[in-house]
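**Student:** Have a look at this one before I ask anything.
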Amino acid sequence: MTIHARQKEAATSLAIGVDFVPRRAGTGPPTEPSPSGPPASVGVPASDPAHALEELRAEHDATCPHCTAVTGHTQTVFGEGNPAAALMFIGEAPGAEEDRTGRPFVGRAGKKLDEMIVAMGLARADVYIANVLKSRPPNNRTPLPDEIAGCSPFLMRQVQIIQPKVIVTLGGPAAKLILNTSEGITRIRGTWHTYDAGTLQVDVMPTFHPAYLLRNYTRETRERVWSDLQAALGRLG
Ligand code: URA
């Protein structure tokens with residue numbers, strides 16, 4: 001689908017009631033990328049990304065220092081979507097529904113993410129969705145630094161296999177990890193950054209987590225998220 005077709009479809013989605021609103025004049029375009037990024041990760045891009053992701057999933061489930069040590073979860077949630085997606089979303093960690101199904105973003109926040117993807121004129125199968133952690137933290141608490149340190153190298157390898165053109169991080173933990181920053185999400189959302197892992201550079205647009213959006217369902221928050229998504233669409237070209 002061309003960008004024009006996508007934008008037309010996005011406009012249609014808006015017309016039929018998706019509750020995101022287009023960026024208004026005056027909210028300003030996102031700033032240009034500034035180099036930043038997490039520690040370089042290991043892993044070589046594969047010629048068959050679907051196969052490489054399956055191998056990585058098996059390796060993760062057998063060896064992840066975090067996910068093999070914790071016992072509170074039912075199953076791991078590796079991530080899903082197009083193995084060669086141009087657009088990748090990265091969230092925080094599985095919740096109860098994700099833990100039950102083994103799929104990322106299928107609960108209430110996931111339904112909102114689905115709406116966001118459709119409003120962009122895309123389908124869930126077009127993109128790839130993953131999380132900082134691949135197993136549910138007890139009581140859905142925020143991932144701890146040592147949990148992230150154990151599990152996130154597998155996420156970095158996922159990114160290297162998929163090689164997306166754009167990453168949209170959802171919420172603070174994902175932005176902090178991918179951009180190697182301690183800045184709060186409210187300060188950095190809506191501005192372009194670069195995930196820099198040596199041979200791979202990816203444009204990164206941090207935005208609010210859909211769960212935050214649901215908790216703060218104001219016109220202002222919706223406009224900000226929609227503005228970030230439109231910037232990502234524009235970058236995809
Ligand atoms: N929140 C996340 O960050 N990830 C999920 O998969 C679901 C909810």
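The values are calculated or read from the model by the stated rules, or taken from the named source; none is laboratory data. Predicted model, so just to flag it, every value in this text is computed and none were measured. Backbone-built Cβ (ideal geometry, glycine too); neighbour counts: all protein chains shown.
**Student:** Does the range 116-139 contain any residue that is acidic (Asp, Glu) and within 14 Å of the ligand (Cβ to nearest atom)?
**Tutor:** No, that holds for no residue.
**Student:** Mind listing whichever residues of the range 185-199 are more than 25 Å from PRO153 (Cα to Cα) and surrounded by fewer than 21 Cβ atoms within 10 Å (Cβ to Cβ)?
**Tutor:** First, pick out the residues of the range 185-199 that are more than 25 Å from PRO153 (Cα to Cα): 186-187, 190.
Passing the criteria: THR186, ARG187.
**Student:** Here's a check for you: in the range 197-237, which residue that is out of contact with any Gly (no Cβ under 8 Å at 6 or more places or on another chain) and among the β-branched types (Val, Ile, Thr) is farthest from the ligand (Cβ to nearest atom)?
**Tutor:** My answer is THR199.
**Student:** Also: Checking the condition without any contact (Cβ under 8 Å) to a residue 12 or more places away in the chain and either out of contact with any Pro (no Cβ under 6 Å at 6 or more places or on another chain) or closer than 19 Å to VAL225 by Cα (or both), which residue from LYS112, LYS134, LYS176, LYS165 passes?
**Tutor:** After ruling out the rest, the residue left standing is LYS176.
**Student:** Give me the pairs: first residue in the range 57-73 and closer than 16 Å to ARG157 by Cβ, second residue among the charged types (D, E, K, R) and part of a helix (DSSP H, G or I), beta-carbon distance under 6 Å, and six or more apart or on different chains, which are they?
**Tutor:** HIS66/GLU147
**Student:** Yes or no: the range 187-208 includes at least one residue that is over 30 Å from THR63 (Cα atoms) and assigned to a helix (DSSP H, G or I).
**Tutor:** yes
**Student:** Can you list the helices (runs of 4 or more DSSP H) found entirely within the range 71-183 that contain at least 1 residues being surrounded by fewer than 22 Cβ atoms within 10 Å (Cβ to Cβ) and among the polar types (S, T, N, Q)?
**Tutor:** Once the helices (runs of 4 or more DSSP H) in the range 71-183 are filtered for at least 1 residues that are surrounded by fewer than 22 Cβ atoms within 10 Å (Cβ to Cβ) and among the polar types (S, T, N, Q), what remains is 96-101.
For (1) within 18 Å of the chain's Cα centre (by Cα); (2) more than 12 Å from the ligand (Cβ to nearest atom); (3) modelled with pLDDT of 95 or more, each residue gets a yes or a no:
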position	(1), (2), (3)
ARG57	yes, yes, yes
PRO65	no, yes, yes
THR76	yes, no, yes
GLY79	yes, no, yes
GLY91	yes, no, yes
ALA96	no, no, yes
